[in-house]
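Below is one structure, written out as structure tokens, with a few remarks after it.
Just so it is clear, none of the values below were taken in a lab; they were calculated from the coordinates. What you see is a predicted model, and the numbers here were worked out from it, not measured in a lab. Neighbour counts are summed over all protein chains in view; Cβ atoms, including those assigned to glycine, are modelled from backbone coordinates with ideal geometry.
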Amino acid sequence: MNEYDSALVRSILAPHGFQSCASAQDAEVILVNTCAVRENAYRKIYGLLDKLRPLKKQKKSFVVGVLGCMAQNLKEELLAHPVVSLVVGPDNYRSLPGLIEQSITSGDCGIDADLSEYETYSDIAPARVEGVNAWVAIMRGCDNFCTFCVVPYTRGRERSRSVADILDEVRAAAAAGFPQVTLLGQNVNSYSDRDGSFADLIVRVADVPAIRRVRFTSPHPKDFPDDLLEAIAAHPNICKHVHLPLQAGNDRILGLMGRNYTRREFVGLAERIRDRIPGVSLTTDIIVGFPTETEGEFLETFKVMENLAFDSAFIFKYSERKGTIASRKFADDVPPDSKTDRIVRLFDLQKRISSDKNRARIGSLEAVLIEGPAEKKPDHQVGKSDGGTTVIFPATPEAPGSFARVRIREASSTTLYGEAM
Ligand code: 5AD
Ligand code: SF4
């Protein structure tokens, strides 16, 4: 979402004469787009701001702005940092040209962090960086208020863009040469427009000529509709990949998290997805050490992960976020050592599962959308399989954005290796 928002910001700034430059040293303005979901995102940003201190001293005119969810959340607190002169939240990017101008001409500091119920930036064509994937935000904000999550406070109320605007943007991305779009929303299943539901939308996106792959993230397990499963199953260019955040495998913890499903319901849904979409790649998010989580309750999460055998998982330690329901209601009482111990056990489990699953694909032929040269392997290219796994193979004459048919020869827990046929 931040990558998408950064493209909107570039587009908002371009008509005012701002151009991207290669290094911080050359820049007159630096905008840092931030995340607030976990504590380590905060740490990274403060580290980056501290690194900019010498530049601030050297340069006569130098404006540093913090954008995104941290800006929304911390406001004045961020402005207190000696290098920061602007703090602008996710719904206020239209004010950027004026605020930057003011800051350059009169040295003023400024904050604009008012959440809006309507802003979707739908009239702004994002200035994307090159690549094969175009992110397309189909909605903004979130109304779910999962108790651990800061997003409803930093991105505000949920609002959907119109089907027509989204299709225009997808057509423009296709015309600009992007073969893949990824539709983005905090809960795509609650997308709603008078012209249709998310399932209607994704089918229309898949029908846009020259769009070779459609991905989406994320659906919420509480309301996964059947027609979406049918749409994925029926359309060859909708990738067979569902990212379904489980968060925890114990019903008491799921209740405290405000997730609105039980372990049984989640497992039933995962089975239904696998049944309807043969070969689907199923991935998830997990939080360990939510307040009051016991060892026994954690083991239930472990068991669900073992039984469901996700293709991959993002696993996080619970990180208390200011202002969330959990921070007001529960003490962050699982000791750091227990959180570490639990996350390590899940990492190990998932590594074993992902390795086994990837090894089972040795010998298969995968359709790989080529992204470019492989970073660490000279003369190799890298791309993604339909299910989203990284595939590396000796370079073909094909350019990024084309497909390669790759016979898999080796596998690790994260990567498949093979040769193009
Ligand atoms: N602590 C740890 N992980 C969190 N996530 C969201 N909020 C928190 C938090 N406070 C994780 C969830 C979500 C993913 C994007 O980030 O697993 O699905
Ligand atoms: Fe956060 Fe829950 Fe909304 Fe996802 S659905 S953004 S976890 S509140």
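Structural remarks
- Residue in segment 9-49 that is farthest from ligand 2 (Cβ to nearest atom), counting only those that are farther than 19 Å from Ser61 by Cβ and among the hydroxyl-bearing types (Ser, Thr, Tyr): Ser11
- Counted residues, segment 136-157 - those being out of contact with any Pro (no Cβ under 8 Å at 6 or more places or on another chain), within 24 Å of Ala206 (Cα to Cα) and within 16 Å of ligand 1 (Cβ to nearest atom): 2
Rundown of residues vs (1) within 24 Å of the chain's Cα centre (by Cα); (2) in a strand (DSSP E or B); (3) among the acidic types (Asp, Glu), yes/no style:
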{"residue": "Gly383", "(1), (2), (3)": "yes, yes, no"}
{"residue": "Gly388", "(1), (2), (3)": "yes, no, no"}
{"residue": "Phe393", "(1), (2), (3)": "no, yes, no"}
{"residue": "Pro397", "(1), (2), (3)": "no, no, no"}
{"residue": "Pro400", "(1), (2), (3)": "yes, no, no"}
{"residue": "Val406", "(1), (2), (3)": "no, yes, no"}
{"residue": "Glu410", "(1), (2), (3)": "no, yes, yes"}
{"residue": "Leu416", "(1), (2), (3)": "yes, yes, no"}
{"residue": "Glu419", "(1), (2), (3)": "no, yes, yes"}
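- Boolean, Tyr46 is over 24 Å from Val129 (Cα atoms), more than 16 Å from ligand 1 (Cβ to nearest atom) and of a type in the set (Phe, Trp, Tyr): yes
- Between Val368, Val334, the distinction of being over 19 Å from Met305 (Cα atoms) and in a strand (DSSP E or B) belongs to Val368 only.
- Residues of segment 76-129 satisfying the condition of being surrounded by fewer than 12 Cβ atoms within 10 Å (Cβ to Cβ) and at positive phi: Gly107
- Of the strands (runs of 3 or more DSSP E) lying entirely inside segment 106-220, those containing at least 1 residues that are more than 23 Å from Cys35 (Cα to Cα) are 180-184, 213-217.
- Among residues of segment 340-361 that are free of Cβ contacts under 8 Å to residues at least 12 places away in the same chain and closer than 13 Å to Asn307 by Cα, none has a Cβ under 7 angstrom from a residue that is of a type in the set (A, V, I, L, M, F, W, C) and not in a loop (DSSP other than H, G, I, E, B) at a sequence gap of 6+ or on a separate chain.
- Single unsatisfied condition, Phe314 versus (1) surrounded by 15 or more Cβ atoms within 10 Å (Cβ to Cβ); (2) hydrophobic (A, V, I, L, M, F, W, C); (3) touching a Ser or Thr at 6+ places or on another chain (Cβ under 8 Å); (4) free of Cβ contacts under 8 Å to residues at least 60 places away in the same chain: (1)
- Looking only at segment 233-264, and only at residues there that are within 20 Å of the chain's Cα centre (by Cα) and more than 16 Å from ligand 2 (Cβ to nearest atom), the one that is surrounded by the fewest Cβ atoms within 10 Å (Cβ to Cβ): Lys240
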